[in-house]
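All remarks here apply to the structure that follows.
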DNA sequence: TATGAATGAGAGTTCATTCAT
DNA sequence: GATGAATGAACTCTCATTCAT
């Protein structure tokens, strides 16, 4: 994008190419997963869709598992970034607002790529190094703990870790199921209602 | 057709043998799933562990999928029976008691065969006719709705279906995760604490 | 059919039952072959359709091959009987008439059970003891030879065996193909034309 | 893309390897069919005999059926090429000569690979996309029709299609049976006699 | 004798992975 | 590096046949 000198180090060109190949592979994998399901996502097929050879695939990913892991990670990161963005400044907000925002963001997180999310959640066997898909847990657990810590005196909390666990797990479950399974039946209106209910559930639990 | 005392009809002998084979197969499947994971559960291996031939397997189960489905169903039924037993009479109990009981039962349900439950939840690709594992949903959803209906005036409920969804999903998620993932870290004491917290969460949500 | 004494020897009853079972099996085989093809004709399926157990099937037929052979033989015999009936007295007829009758009968023979005939001809691998399906050959070869012998002086024949071979093979081929493959396209009228042509072919060849 | 002398494009090297594999597979199939019959021609066995892996087999042939089809096609093409070569110029020849040549060629066609021809004709179930083996029909039907058309005035023909059908079918049947079944008994001398008889049969039928 | 549950060799096929080019 | 042909273990499933009841 910036003006470039006439000679670029080959290494960078190479790295760019590598990067492009890796991206293409991850994207192809995600695409096949969404469109045809895990069963159809063979390495040969992935390579073909990515426009590279199987050999190249194995140049960049040591196994099929690693490829799927990359898809999961990429998806996770997209979500994490979005959540971080949306939740900036939440620490200083009131409980009601904060919790409502949290739930809203959780819904939004599941809507980043719901089809992919569903496939990852339902079709990928959690075996080997393939971790559980955690939309709203790891990083957000910390965030939530921090919030609780900060507002501790306003809240009715004994065990902070336990409370965080309860809240984060609950929000994750409610929004995950709502978005990924019942979304056809759920109008935006009902979704709002659900968000409100979930917020009330958590708020009631936390407040003194 | 004539009365033949002392001699059992062949059909029963037959049914017994069949039944034994079917049982052996389902058990073998569950055992392999637990001990070695879904990947290792090939039809030949299952038959071998069951002590029958692959042919017999396919005499009773049209596909590998059907076998796994049978394992799921059997597990589901064990849980359902236990839940039914434990929850008899819950309809007439107070909210506090009822909800506490519900959460306690949910924990117990996940402890029926936690290893199997975990494999079923995490390693079985939800593809084809293989439904989601629902420990605490379908039948219990109805039960919960009935409870809420009955105690409606004592409660703060707008949308009964929505409230049921929120409660059932929440209890399921909290207990599922606690039992199946963090159980190593969770002492019985902490578990009790969790149950209390979950109960408080739900109770606070429902009460006026 | 005749009036029967009150007591029949059990052996006969048994024989009748056996006979009935055998018939049922052969019929079931033929039926499955016609309706679903050779691939679907497994011994278990045949037994089921015949209303007996696989065990019984093997009581009467040592192998699947034997069963198919029985179907072929039964079909062959039906044809042979029909041909014999229709061709009685042909020996004394004139060449024109005799040959025309022969061709007509050949067509009729292929129409005894054309669907079965086609399956037997096309789907049954001629392996082991399974012979070629010969509608119009073995017995009729002899008959034809006899005719030629008898009318030798009217005919232009060097090698009687060779002439028989030529005629019988030709008639068989022309009628077989016409009836079994092109019968949809062939109107009765065209069929008649074909019969006439075939007759002319053979007659021209035989006559001085 | 640039001209690269002395270096063959990779594609060709690749194509050569592929081609060799495909050839080996088709040859192996034919060999097994001839030597051991259709029953023994399993895909694994074919691959083994071809000196490649089953995986390679399925890289080039989508099914066992496709492999057999390839053998049939290859055989058919060999025959077709031979027939075309031998029959060049037949259109302008006299009836006697033309018909005699035709029959002679038909015999020769069946002698291209008689054992294979026999297996293909007798053991391959005509199921799915596997067509009838037609040594002397499709293309030659057209050729024969053309001949009759051209010589129509010299001949006694009403229905040209019908006449072609009669002649082609007859020649095919006579030579097929003679070469493939009775060839042990048939000396070259008898074979010549048969050819003469067949030619006389057809000629007599066509001539005015 | 009839039954049908049980057998198990073997079929066709797939696919993650390797490696010569 | 990139290619893609080749690999082959492993899988699901079938079916002619046997044999305990």
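Here, each number is a calculation from the coordinates, and none is a lab measurement. What you are looking at is a predicted structure, and each value in this text was computed from that prediction instead of being measured. All Cβ positions, glycine included, derive from the backbone under ideal geometry; neighbour counts span all protein chains shown.
Within the listed set C:161, C:89, C:37, the residue fluctuating most in the Gaussian network model of chain C (springs between alpha-carbon atoms under 10 angstrom) is C:89. Shown here are the Rg and Dmax of the Cα trace of chain A, at 20.7, 67 Å. Can you tell me how segment B:154-208 classifies by the Cα gyration tensor, rounded, prolate or oblate, using a/c under 1.5 as the rounded cut? In terms of gyration-tensor shape, oblate. Helix B:64-87 and the long axis of chain B differ in direction by around 40°, with both axes built from C-alpha atoms.
Relative contact order of chain A: what whole-number percent is it, with Cα pairs under 8 angstrom and at least 6 residues apart? All intermediate terms of the calculation are to be shown ahead of the outcome.
Working: 158 pairs, mean separation 43.1, N = 208.
RCO, chain A: 21 percent.
Highest GNM mean-square fluctuation, chain C, Cα pairs closer than 10 Å: which of C:77, C:123, C:15? Largest GNM mean-square fluctuation: C:15. Measuring nothing but how far apart in sequence close Cα pairs (under 8 Å, 6+ apart) lie, relative to its length, segment D:93-169 scores a relative contact order of 25 percent.
Need one value for C:199-205: mean number of C-beta atoms belonging to other chains within 10 Å of its residues' C-beta atoms.
Numbers: counts 0, 4, 9, 4, 2, 9, 8.
Going residue by residue through C:199-205 and averaging, the value is 5.
Jot down the per residue volume, in cubic angstrom and as a whole number, of the convex hull over the alpha-carbon atoms of segment B:29-136. Write out the running numbers ahead of the final one.
Numbers: hull volume 11.3 nm³, N = 108.
Hull volume normalised by residue count: 105 Å³.
The helix-based estimate of mean residue ellipticity at 222 nm for chain A, built from -39,500 (n - 2.57) per DSSP H run of four or more residues and divided by its residue count, is -23000 deg cm²/dmol to the nearest 500. Look at the stretch B:28-38: the mean tally of other chain Cβ atoms within 10 Å of its residues' Cβ atoms is 1.
Shown for A:187, A:145: other C-beta atoms within 10 Å of each C-beta, ranked fewest to most, produce the order A:187, A:145. The rotation axis taking chain D to chain B passes closest to this chain D residue's Cβ, listed with the gap in Å: D:44, 9.
How much FRET efficiency would the formula 1/(1 + (r/R0)^6) give for residue B:187 and residue A:139, where r is the Cβ-Cβ distance and R0 is 25 Å, rounded to 0.05?
On the way: r = 27 Å, r/R0 = 1.06.
It comes out at approximately 0.40.
Evaluated at 37 °C with a viscosity of 0.692 mPa s, what Stokes-Einstein diffusion coefficient in µm²/s does the protein assembly as shown have when Rh comes from the Kirkwood expression over alpha-carbon pairs? Once the numbers are plugged in, D ends up at 94 µm²/s. In terms of other Cβ atoms within 10 Å, D:46, D:157 run from fewest to most in the order D:157, D:46.
Between residue D:54 and residue B:146, what is the FRET efficiency for a Förster distance of 51 Å, r being their Cβ-Cβ separation, to the nearest 0.05? Mind showing how you got there, number by number?
Values: r = 59 Å, r/R0 = 1.15.
Once the sixth-power term is evaluated, E becomes 0.30.
Rg ratio for segment A:78-199: its Cα radius of gyration over 2.2 N^0.38 Å, N being its residue count, equals 1.08. The C-alpha atoms of chain A define a longest principal axis, and helix A:138-150 lies at about 30 degrees to it. Between helix D:160-180 and chain D there is an angle of about 60 degrees, using the helix long axis and the longest principal axis of the Cα atoms. A point 7 Å from Cα along Cα→Cβ stands in for residue D:142, and the other copies hold the same point at 4.6, 6.9, 7.6 nm, listed in rising order.
Using a Förster distance of 41 angstrom, determine the FRET efficiency expected from the C-beta separation of residue C:196 and residue C:39, and round it to 0.05. Walk me through the intermediate numbers first.
Working: r = 39 Å, r/R0 = 0.95.
So the FRET efficiency works out to roughly 0.55.
Arranged from fewest to most other beta-carbon atoms within 10 Å of their beta carbon, A:54, A:179, C:49 become A:54, C:49, A:179. Using a simple spin-label model with pseudo-atoms 7 Å out from Cα toward Cβ, residue A:123 and residue A:91 lie 4.0 nm apart.
Sorted from shortest to longest, the distances between the residue C:94 label points of this copy and the other copies are 3.3, 11.8, 12.0 nm, with each point 7 Å from Cα along the line through the beta carbon. With label points defined 7 Å past Cα in the direction of Cβ, position residue A:39 shows copy-to-copy spacings of 2.0, 2.0, 3.5 nm, given to one decimal and shortest first.
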